[in-house]
Amino acid sequence: MQFLETDVLVIGGGGAGAMATLHAHNQGAKAMMVIKGKFGRTGGTTCAMGAATAVGPWHEPEDSQQVHFEDTIKGGSYLNDQNLVRILVEESPQRVLELERLGAFWERTEEGDRYLLRIDGGHTYPRSVYLEDRPGREMLRAMGAEIIRRKIPVVEDTMILRLLMDDGQVAGAVGTNLFNTEMIGFRAKSIVLATGGAGNIYPFTTNPADVTGDGYVLALQAGAELVDMEFVQFYPLGLIFPESLKGMLAGTFYYSKLLNAKGERLMKYYDPRLEMSTRDIIARAIYSEIQKGNGTPRGGVLCDMTYNPPGFMKKQLPALYDFYLKIGIEVEKQMVEVAPTCHFFMGGIRVNEEWRSTLDTLFAGGEAAGGVQGANRLSQNSLADIMVSGARAGDAAGQEAPKRSSFRKINEEVTAEERKKLEALFLRKKGDNLGPRKIKNRLNKLMWDAVGLIRNEEGLKGALAEFRRMEEEELPNITLATPSRRYNREFFETMELANLLKVAKAVATSALNRTESRGAHFREDYPKWDNRNWLKHLQINQRDGNLQIREGPVNLSEMKPPEE
Amino acid sequence: MEENNTIRLTLSRFDPEKDQAPRRETHLIPFQKGMTILDTLFYVYENIDRSLSFSYGCRYSRCGLCAVNVNGKPTLICQTLAQKEMVIEPLPNYPVVRDLVIERADWGKRTSDYQPFLQRAAGEQERLQAQIQSEVLRPKSFEIFKQATRCVDCYSCNAICPTISEDKEATRGPNLMMQMAPYFFDPRDRMDRTGLMQELAAKCLLCGTCAENCPKDLAIDEIIADARAKVVEKKGLPWAKKRFLQALLWSRSLLSFLLKGSSLFRGLLFQKVPQESGLHLRFPLGKLDVRRILPDLAKDFFLDKFPGEALAPQESDRVAFFVGCSMNYLYPPIGEAAIRILNRYGVSVLIPDGQKCCGLPAYGAGDLARAKKLALANIEVFEKTNASRVVVACGSCGAHLMKHYPKLFQDEDPALKERIECFSESIIDLTAYLAERIGEFTPPALIGGQGQALRVTYHDSCHLKRKLGVREEPRTLLQAAGMELAEMAEPDRCCGMGGSFGLENYELSAKILDHKMEDIEKTGAEIVATGCMGCLMQLKQGIHNHSLKIRAKHIIEVLDEVMVNGLGKQAQGRGSAGND
């Protein structure tokens, strides 16, 4: 097996990964990025259509980093680690300028001296920078250019299968090239995990296909800790048809009426504000209707924009209007079937102010890390998060390098084990001949029904039992339809499915243990917010293949929740 | 499954490790209204053949990974609706990994040579680092930058580019141009990229096929033209080209005098092609290849011969006529045919003196200053005619007059802009104009004489079809004229002329042309008609190169022959259009 050497290995090529790579390099360390897909194309950042919060010298007169801080804590239902949020609001504007210096262009006034700022739910003032509908891609373009300029190596098409540890510290990693199944090893003195979320555990997600929680699994296997895994954000309106576009953002609630299959305006049963309610209430309302059997045959509700005057939708939301037209839907004449779609993971790898995990030489940034966003994330805070956390993780990871003159020992048993697992998949002749996708579809359905927007103890326990069964009985029986090593879709979908199952277990386990409802986590058997008992984190470790939960304090250094 | 609810899906399957060549597999799959093309691949993968290799990613049409050829057209299949009959193949011009998956240049290979990063002025980074405010960047200076950064790098343009399809080494193609454009057009950039950009823009025909197929509707060909203009701004023009473009501004009488007077000189350089009516160089000169056949100069130039107006006996409409250089110097009979047809149908034609070259050669070379001078000269001359329409019979001229004139003056004062726009909006291709009046042409009137169905095929000139949107009209006219229209497999595939491109890159131009000639031959047509004189020149070259028994004619010549002389087996060889 070929081994590449570097000081800081960054796993993941989105905004956080790119930022971490550059900042590690700033520290004088050798950096290397390894991505499962292709830089700038794959992962969540490139899809990001909104804006990045950054209260800088350009802020609205009444706005301040303090207001941003408070909005974020309130939005997170006081579960955010406030020390991390303080860093977020302070450093985001610095990162915005940093990217501009690298060549990013943010929308601005005609005279060019002031940014144009966007606002969205939960923010008191407009405070976010953007470029047309592609702020994420613009970030990656600027950072990618700098990575090229500095000649930092980027290894694409490579999925990391396991981190290689030596006595609790990183020694490197081992992965496989998805285009030819060749195994490749890495030696590193520190590692940053920037692998994004895991939306694909659900049937509807805004995430691209390759976001499968790989980093969460790698961290657990390495002995690091996850936090807040029960908090998964659903955006209320996602497409459910066609299949290829399941989960795509379907629209906005202003200008829409939400109808169940009986044609009733479903929100009347849940909130007198109807469609002007908050996102989490709307999402749960829609989910409720579907689960009760009031949904359409495809399993959604109807988003009705037809009552608006002719020409209105085209004028107000031109991009959305055109998108629908492309796929054959005239929103002025037809209703759209929608369901809540998994959008973001608030939880992740537990980190401190350096975005260092519970293992000294393992760092995490972006959606892969947890604790910043609390129980629910505000719109536009993620693009800020990836910049800030990526930079911090990169700086700290880069500072690790000079502490050691040599690499730690590579565990050859582990590399051999990973190779054996991979080869076993190709060698297996007898199995159930179903392929990974059918299993993934069932996993998705189970997650939706039992670990979705409304949870209860029985459902969660049942789900965990089923996940165990799937992992022990079905996963090892997958056979590939072709032995070809060239871009074998079933091969990498199987690798990803293994990760999805593990993440599903982590989410369900946390959800089972949190017997209250807060933010994005809702238990119908414990529907209330309970600050007395539950203002704390649930943290997950893996021991001997089993998940163990323990509790940890929330950093409430600045703001205390209101008295109940 | 009912016929209506079925999709017939043919997929290209190929494993380079096992198969000699790609093979095709057809599947019938259930159709649901609203299905995307990607859905059909999912269906096959999940229900029919799990070994299928295909790629996708974001589903937002912004990662480019799902791009494949669907019925010959590069398509981002995640957001394109499925059709009932589809042939899906990997994007051409790239190595195939397996089935529908191509190799996309990996990080190191693609990026290391071209320096796609911002290089600021010395000391600027430090200065910016010290300040806490954002830079002052005027959005107006970032317009091309913004367009270019919308590119999702899907490779559709490279997959369909006629130059890349022929000679994958010759140019890195429109895709690379789009990747470099954000840096070339970034006002903050200080790196000298003119050498690279000149090279990237050099082998472009400006055919517009890339822009037509771009899933993001980016005007790639215009950005390439912008790049040429920026190169010229920095480096100036090559000596010979500069002299040539300067001459375009000279008066008609001076140019006529000089060209006529050069016949001896021409005789030294050129000789007649045997059995043809064209010339070729006696020996290689500059970039011009000896194999390139050029039409001889006409004995009498069109604008010298024609009075300012050709009135129709019973006038029902009046138009102005933009002649263009090819018609004027090389093919005056086409102009005469145009006048004849128009007059016959009651249209008076004003041919203002003082009209000059439309300016496309200058624009194409990046010489915007001269392009603008020529534009202003032409507009002034045509404004005086007071005609509400200006008819053009060359697709390239028409496209330039209609689309580029406004672009050239977009930063000018509003009054001038309005004049330009007024002029551009009055431009209409002759076939489009005639087709408007098709109701007036009753079959006997149009056929006039011994009309006998002749098989003709029509070549869509890039500019006429892509910029002017003229596609149906010529076909309507040919059919109304009693022709049997036999379509090529790819009637709109570029012929490879591209103006000066064909003159400076004979080898590549001829390779592109080979496809077109094979396509034409398969139709069994006796005549290939076209609406652009650059294409006409190239098609005649192709007929010579392939020794075909076909005639290439401008569509106006064909219509003229039908209307005035009757067209049939007896009429062959007769006819007003001279050069066959």
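The values are calculated or read from the model by the stated rules, or taken from the named source; none is laboratory data. None of the values given here were measured: they were computed from a predicted structure. With ideal geometry, Cβ positions are generated from the backbone for all residues, glycine too; neighbour counts draw on all protein chains shown. Only protein heavy atoms, including side chains, enter the accessible area calculation; ligands, DNA and RNA are left aside. Shrake-Rupley method; radii C 1.70, N 1.55, O 1.52, S 1.80 Å.
Quick notes
- Filtering the stretch B:176-226 to residues that are surrounded by fewer than 22 Cβ atoms within 10 Å (Cβ to Cβ), charged (D, E, K, R) and free of Cβ contacts under 8 Å to residues at least 60 places away in the same chain leaves B:192, B:199, B:217.
- Test for residue B:97: is it within 8 Å of another protein chain (Cβ to nearest Cβ), assigned to a strand (DSSP E or B) and either in contact with a Leu (Cβ under 8 Å, 6 or more places away or on another chain) or open to solvent by less than 50 Å² (accessible area, probe 1.4 Å) (or both): yes
- Unique residue being within 22 Å of residue A:215 (Cα to Cα), of a type in the set (Val, Ile, Thr) and surrounded by fewer than 21 Cβ atoms within 10 Å (Cβ to Cβ) when the list is A:482, A:415, A:494: A:415
- In a residue-by-residue description of the stretch B:305-315, the property of being more than 20 Å from residue B:538 (Cβ to Cβ), in a loop (DSSP other than H, G, I, E, B) and of a type in the set (A, V, I, L, M) applies to at least one position.
- Considering B:408, B:401, B:376, the condition of being of a type in the set (A, V, I, L, M, F, W, C), open to solvent by less than 10 Å² (accessible area, probe 1.4 Å) and outside the structural domain of residue B:553 (by TED's automatic domain parsing) is satisfied by B:401 alone.
- Hey, residue A:107 open to solvent by 30 Å² or more (accessible area, probe 1.4 Å), within 12 Å of another protein chain (Cβ to nearest Cβ) and not basic (Lys, Arg) or not: no
- The stretch B:140-169, subset hydrophobic (A, V, I, L, M, F, W, C) and not in a loop (DSSP other than H, G, I, E, B), residue nearest to residue B:101 (Cα to Cα): B:159
- Checking residue A:379 against (1) at pLDDT 95 or above; (2) in the same structural domain as residue A:214 (by TED's automatic domain parsing); (3) not aliphatic (A, V, I, L, M), the condition it does not meet: (1)
- Those residues of the stretch B:118-136 which are at the interface with another protein chain (Cβ under 7 Å from one of its Cβ atoms) and within 35 Å of the chain's Cα centre (by Cα), in sequence order: B:118
- Test: residue in the stretch B:12-27 that is facing chain A (nearest Cβ under 10 Å), surrounded by fewer than 20 Cβ atoms within 10 Å (Cβ to Cβ), closer than 30 Å to residue A:323 by Cβ and among the charged types (D, E, K, R): no
- Of the residues making up the stretch B:142-169, those that are touching a Pro at 6+ places or on another chain (Cβ under 7 Å), closer than 21 Å to residue A:139 by Cβ and more than 8 Å from chain A (Cβ to nearest Cβ) are B:148, B:154.
- Note on the stretch A:115-126: residues that are closer than 22 Å to residue A:141 by Cα and not aliphatic (A, V, I, L, M) total 2.
- Within the stretch A:61-71, the presence of at least one residue that is surrounded by fewer than 24 Cβ atoms within 10 Å (Cβ to Cβ), under 17 Å from residue A:388 (Cβ atoms) and within 14 Å of chain B (Cβ to nearest Cβ) is confirmed.
- The criterion of being facing chain A (nearest Cβ under 9 Å), under 19 Å from residue A:490 (Cβ atoms) and either out of contact with any Lys or Arg (no Cβ under 9 Å at 6 or more places or on another chain) or buried (at least 22 other Cβ atoms within 10 Å of the Cβ) (or both) holds for residue B:55.
- Scope the stretch B:58-74; condition open to solvent by 20 Å² or more (accessible area, probe 1.4 Å) and within 23 Å of the chain's Cα centre (by Cα); matching residues: B:71, B:72, B:73
- Restricting the stretch B:76-89 to residues that are within 28 Å of the chain's Cα centre (by Cα) and open to solvent by less than 20 Å² (accessible area, probe 1.4 Å), the residue that is nearest to the other protein chains (Cβ to nearest Cβ): B:79
- Scanning the stretch A:42-55 for any residue that is away from chain B (no Cβ under 12 Å) and open to solvent by 30 Å² or more (accessible area, probe 1.4 Å) turns up at least one such residue.
- Some residue of the stretch A:160-170 being under 24 Å from residue B:188 (Cβ atoms), at pLDDT 95 or above and away from every other protein chain (no Cβ under 11 Å): no
- Counted residues, the stretch B:28-52 - those being in a strand (DSSP E or B), more than 8 Å from every other protein chain (Cβ to nearest Cβ) and under 17 Å from residue A:243 (Cα atoms): 2
- Condition check for residue A:316: without any contact (Cβ under 8 Å) to a residue 40 or more places away in the chain and more than 20 Å from the chain's Cα centre (by Cα): no
- Scope the stretch A:396-415; condition out of contact with any Phe, Trp or Tyr (no Cβ under 9 Å at 6 or more places or on another chain) and either polar (S, T, N, Q) or over 20 Å from residue A:185 (Cβ atoms) (or both); matching residues: A:398, A:399, A:402, A:403, A:405, A:406, A:411, A:415
- For the stretch A:555-564, the set of residues classified as under 19 Å from residue A:66 (Cα atoms) and either acidic (Asp, Glu) or surrounded by 13 or more Cβ atoms within 10 Å (Cβ to Cβ) (or both) consists of A:555, A:556, A:558, A:559, A:561, listed by residue number.
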